[in-house]
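Participant: Pasting in a structure now, in structure tokens, and then I'll have a few things to ask.
The values are calculated or read from the model by the stated rules, or taken from the named source; none is laboratory data. This structure is a prediction, so every number in the text was calculated from the model and none was measured. Neighbour counts are summed over all protein chains in view; Cβ atoms, including those assigned to glycine, are modelled from backbone coordinates with ideal geometry. For the accessible areas, the whole protein counts, side chains as well, though only heavy atoms, and no ligand, DNA or RNA atoms are used. Shrake-Rupley method; radii C 1.70, N 1.55, O 1.52, S 1.80 Å.
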Amino acid sequence: SGKALGAPRTGGELEKALLSTLKGSAEERLAYVKEHVTSDAIRRFFRRAPLGPDLLAVVVRVLADLAAEDAPKATELLGAVADAPSAKTQAGMFDDDERACLQRLLAQVGPQAAAPWQPEDTEADAE
């Protein structure tokens, strides 16, 4: 691809790369995340600011693809995303398609990485 993107320096750059520059291509998004995105970067970019539902949905989609070929890296990145503010709340706003993607991802990363994303069953348990 003619769009040679460097590693993102800010959350805004990551968002721009995934939501606009590479919008049309799942393969390019996956390659970009594999090459340039680390769990440290995600934690640094989103320590205080949430990803936002749109970016979170795209990241989940990319990580679901990534998990199919590199589950450890997907697991590590998902852990960093889970630490971002409001991540779980925003995942709760996903549409059916996005939710299916998240479930596909969680099935591939193992119970520990999946735990922060599971709905709280406190009410159900009380009944």
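Participant: So in the range 7-35, with the set limited to residues that are touching a residue at least 24 places away in the same chain (Cβ under 8 Å) and basic (Lys, Arg), which one is surrounded by the most Cβ atoms within 10 Å (Cβ to Cβ)?
Facilitator: Arg29
Participant: I need the full set of residues from the range 36-80 which are open to solvent by less than 40 Å² (accessible area, probe 1.4 Å) and not in a helix (DSSP H, G or I), in order please.
Facilitator: Within the range 36-80, Val37, Phe46, Leu51, Gly52 meet the criteria.
Participant: Go over the candidates Ala49, Ala87 one by one and state the one that is of a type in the set (A, V, I, L, M), at negative phi and in contact with a Gly (Cβ under 7 Å, 6 or more places away or on another chain). Give the steps one after another, and end with the answer.
Facilitator: Values: Ala87 fails: in contact with a Gly (Cβ under 7 Å, 6 or more places away or on another chain).
Answer to the selection: Ala49.
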